[in-house]
Structure formats: C-alpha cells, structure tokens
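A.B. asks: Please find one structure pasted underneath; my questions will follow.
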Amino acid sequence: MSTTREGLPPARRPGAGVWPLAVAVLLGLLAGQWFFGRAGRRDPPAAAVPRPVAARGDLSQEEKATVELFKAASPSVVYITSLARRSVGWFDVMEVPQGTGSGFVWDQSGHIVTNFHVIQDAQATKVTFSGQATYRATLVGVAPEKDLAVLRISAPREKLVPILLGTSGNLQVGQRVFAIGNPFGLDQTLTTGIVSALGRRIQSATDRAIEGVIQTDAAINPGNSGGPLLDSAGRLVGVNTAIASPSGGSAGIGFAVPVDTVNLVVPQLILHGRMVRPQLGVVLADDSIAIRLGVEGALVLRVDPGSGAARAGLRGTRRTEEGDLLLGDVIQSFGGRPVASSGDLLNALEEKKAGETVSIKYLRDGRTGEARVTLKDGP
C-alpha cells in the first residue's frame, strides 16, 4: 500500500463515493415506480364511457295527439296570482302574492275565466301567459254559488287565444281527459286521466251545491284550480275546481264544474257582473231552520206582492192573531224536479227562463198542494 510522505493513505475527494450510490438509489426508485405503476394500472372498463344512443323510432299516435293537444291549448291557459296590499311604513303600500291559481282565455275581448275561490280575497290580480307576459286584471263578475269568476285584461289580440269550447252533456265515464294548470306554482303543467264519474255534487263557497260535477283521476293539485279540463279533441269540458284528499294533494279524485254550466254563467257575469235567474217571487228560509222544524224542502218565508208566486196563491210564513207561528208552504217539487233544500230550488230556477210557467208541488198544513207559476225577469 502506498503512503504519503507522512506515512498516511492517500486522501479521497469529498463525495467521490456518494454520487454513484445516489444515482443507483434513484434509478432503483424509478424502476420500482414503473413496475408497480404498470402492475396497478388497468385499462378503463367499457361501462365508464358513454354508450351509444339507441334509435327511438316515431312517437305513437296517442303520444302525438297529446303533444299536439298541449301545444294547441297551452296559449289559452294562464297563471293567476292574487295579491294583497300591505302597509309599509307610514305612507307606502306594497302588493304581495297571497295565492295562485289557473285560468283560461274566454274571448278576444280579454275575458279570463277562473274559480271564484282563486280570487276570493284578492285586492288585486295578475295574469301571466306561458311566454311570461304579465297583465294586471280587473274583476268583471263572480258567481260564488258556482265557484266561477271572470277577470279582464288589456292585452294584444294576438296574445288572446280563446280556448275551444266543448260540451259536458255527452261525456262518458272512461273517456280520456286532460288538465292544464299551475299546480304548486309550476306553470303550464299537463296531467292526464279519465272521466271517473258524472253527476257528482260538491259544495260551493256559499254552501250551495254545484250540480252535475265531473269527477276525474287526472292529477289536480293546489294551483290547478280554475284551469281547463279538456277532452281528447282539446275542447273545454270542465273547470278544475276541487280535490278530495286528506293530505291536500292529488289522490286521484278531482272535480270540475261542467262546461255547460260555465257556458251559461260566464255570459251573465260579463253582462251583469253576477248571475241573473228568473224570479219565482218568494223569499226562502235558511235550510237550517227547515231542518230544525222537521220539514224537507224549501220553506217559504215571504211571498212578494204581485209576483208569479202571489198570483199562484203560494203562502209565506206568518204569525196568527194569537201569536202562533204558521209555517208557509214548503216547496218539494219544481218543474218535475225534487226539491230537498233551498239550493235545489235555486238550481232548478237557473235552468228556466223568464215567462215560462212551471208546475210547483208544495206541502201546506200537512197536505200536498200544486200550483202553476209564471216566472218573471230577475232584477
């Protein structure tokens, strides 16, 4: 072994043995990463990439008909917002939404039909079309006993597409129907179903019965009220007005005021602001009084002098000289229709015209009588 002059081994350069070792370690690490990376990496499964779309084919004829029905009827259906005025500070007043419902265009004069209960407590109303154009509405007339109301808006004629009118007189159970409305504020919603039953009776806001109501299983929810019920030809056959549900949501039992009633009432609301029926010439007792007295029918409280009822000899309720109450006539049949309440009599009157002579059967002092009464124009 060589030595220096001092007898020591030769000196080595700093790091002369470290660099080869570092390079070897680095190469080992890279090789390990490559090996284990290759071992752990797999090609992506086929399910992780988008699949090709299968050809659908044409829509069925029934689907095409439903699509076209919605396209045709949708421009006639509107979204109604009822507003209430609230004071803000000392002098300012603002309008806040308090309820929503549906409606539809009746004519190109701007008349909009909806339910009475949709606008019942409103201090102002707005009408919104499918394209989001919104107009303030004025109240034209109401028929609470039929749950119908008419509004009017000032809108361009091209926006006013009157709904096609059908008839409810020839509807059949099992017939297909379509409801368009704004359930829970979701505008322009279409639901489908069938006519489940006919001739139902529901209570109006005045507790009078609405006769001939259509029952359907087409989903009707809060917000659908006032919207149209259509037949498969896209014609109006009813106005969606109520649901029977313990939860307040659709349970497959919805009701619609028949269009034949709507077509009778709406022109009167446009002309007079209310329903005008021919006058019999009597004032009727509240049904609760008749029930307490144990009589079934429409109890006459008063007969108007000079009326058709007075000429026919009908008698009102009065007190005798001794102070005893003498019940008036209890009308039990009108024009051949049974009368079990004052509402029944009023509904029967609505089907008649002024100048008609109608047969009336009544109960007086426990005996049945009959009279013929000529109806007069209503006020």
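No value in this document is a laboratory result; all are computed from the given coordinates. Everything numeric in this text was worked out from a predicted model, so none of it was measured. Quick reminder, even Gly has a Cβ in these numbers, built from the backbone with ideal geometry, and neighbours come from all protein chains shown.
A.B. asks: Quick one: in segment 292-340, what % of C-alpha pairs are over 18 Å apart?
C.D. replies: Numbers: 432 of 1176 pairs.
Result for the distance tail: 37 percent.
A.B. asks: What size of dipole, in debye to the nearest 20, comes out for segment 282-374 about its Cα centre when the only charges are +1 on Lys and Arg C-beta atoms and -1 on Asp and Glu C-beta atoms? All intermediate terms of the calculation are to be shown ahead of the outcome.
C.D. replies: Numbers: 13 positive and 14 negative charges, 55 e Å.
My answer is approximately 260 debye.
A.B. asks: In whole Hz, with x marking every Gly and Pro, tabulate ³J(HN,Hα) for segment 273-285 from phi via Karplus 6.51 cos²θ - 1.76 cosθ + 1.60, θ = phi - 60°.
C.D. replies: Computed from phi, the couplings for segment 273-285 are x, 7, 7, 10, 10, x, 9, 7, x, 10, 10, 9, 6 Hz.
A.B. asks: On average over all directions, what projected area in square nanometres does segment 176-272 have, based on the convex hull of its Cα atoms? Write down the numbers at each step before the final one.
C.D. replies: Values: hull surface 26.0 nm².
For segment 176-272, the mean projected area of the Cα convex hull comes to 6.5 nm².
A.B. asks: Further, regarding this structure: Sort out for me the Cα centre separation of segment 261-291 from segment 156-219, rounded to whole Å.
C.D. replies: Segment 261-291 and segment 156-219 have Cα centres separated by 23 Å.
A.B. asks: Here's a follow-up. Taking other Cβ within 10 Å of each residue's Cβ, how do Thr125, Thr317 sort, fewest first? Don't skip to the answer; put the middle values down first.
C.D. replies: Numbers: Thr125 24, Thr317 19.
Sorted ascending by nearby Cβ count, the order is Thr317, Thr125.
A.B. asks: Could you give me the ³J(HN,Hα) list for segment 118-135, computed from phi with Karplus coefficients 6.51, -1.76, 1.60 and θ = phi - 60°, whole Hz, x at Gly and Pro?
C.D. replies: My calculation for segment 118-135 gives 5, 10, 3, 9, 6, 9, 7, 9, 10, 10, 10, 8, 4, x, 6, 5, 10, 9 Hz in order.
A.B. asks: Could you compute the FRET efficiency for Leu271 and Thr138, with r as their C-beta to C-beta distance and R0 at 25 Å, rounded to 0.05? Please list the in-between numbers first.
C.D. replies: Details: r = 16 Å, r/R0 = 0.63.
Once rounded, the FRET efficiency stands at 0.95.
A.B. asks: Now a separate question. Starting at the first residue of segment 216-226, write each ³J(HN,Hα) from the Karplus equation 6.51 cos²θ - 1.76 cosθ + 1.60 with θ = phi - 60°, in whole Hz, x for Gly and Pro.
C.D. replies: 9, 9, 4, 4, 10, 10, x, x, 6, 3, x
A.B. asks: PRE reach from Thr368 (point 7 Å along Cα→Cβ): which of segment 281-317 fall under 19 Å by backbone N?
C.D. replies: Residues passing the 19 Å test: 295-300, 314-315.
A.B. asks: Another question, if that's okay. Arrange the peptides 342-352, 304-314 so that the one whose residues have, on average, the most other Cβ atoms within 10 Å appears first. Don't jump to the answer; show the numbers that get you there.
C.D. replies: Details: 342-352: 19.6, 304-314: 17.3.
By packing density, highest mean first, the sequence is 342-352, 304-314.
A.B. asks: Using a simple spin-label model with points 7 Å from Cα along the Cα→Cβ vector, what separation in nm is obtained for Gln61 and Val283?
C.D. replies: According to this spin-label approximation, the distance is 6.3 nm.
A.B. asks: Using modelled amide H (1.01 Å from N, peptide plane; none on Pro or chain starts), what sits under 5 Å from the amide H of Thr317, excluding residues fewer than 5 places away?
C.D. replies: Residues meeting the amide H criterion: Leu301, Arg302, Gly328.
A.B. asks: Arrange Arg136, Arg56 by Cβ neighbour counts within 10 Å, fewest through most, would you? Write out the running numbers ahead of the final one.
C.D. replies: On the way: Arg136 13, Arg56 6.
The order, fewest Cβ neighbours first, is Arg56, Arg136.
A.B. asks: Ok, one more. Report, as a whole number in µm² per second, the diffusion coefficient that Stokes-Einstein gives for segment 315-379 at 25 °C and 0.890 mPa s using the Kirkwood radius over alpha carbon pairs.
C.D. replies: On the way: Rh = 13.0 Å.
Estimated diffusion coefficient is 189 µm²/s.
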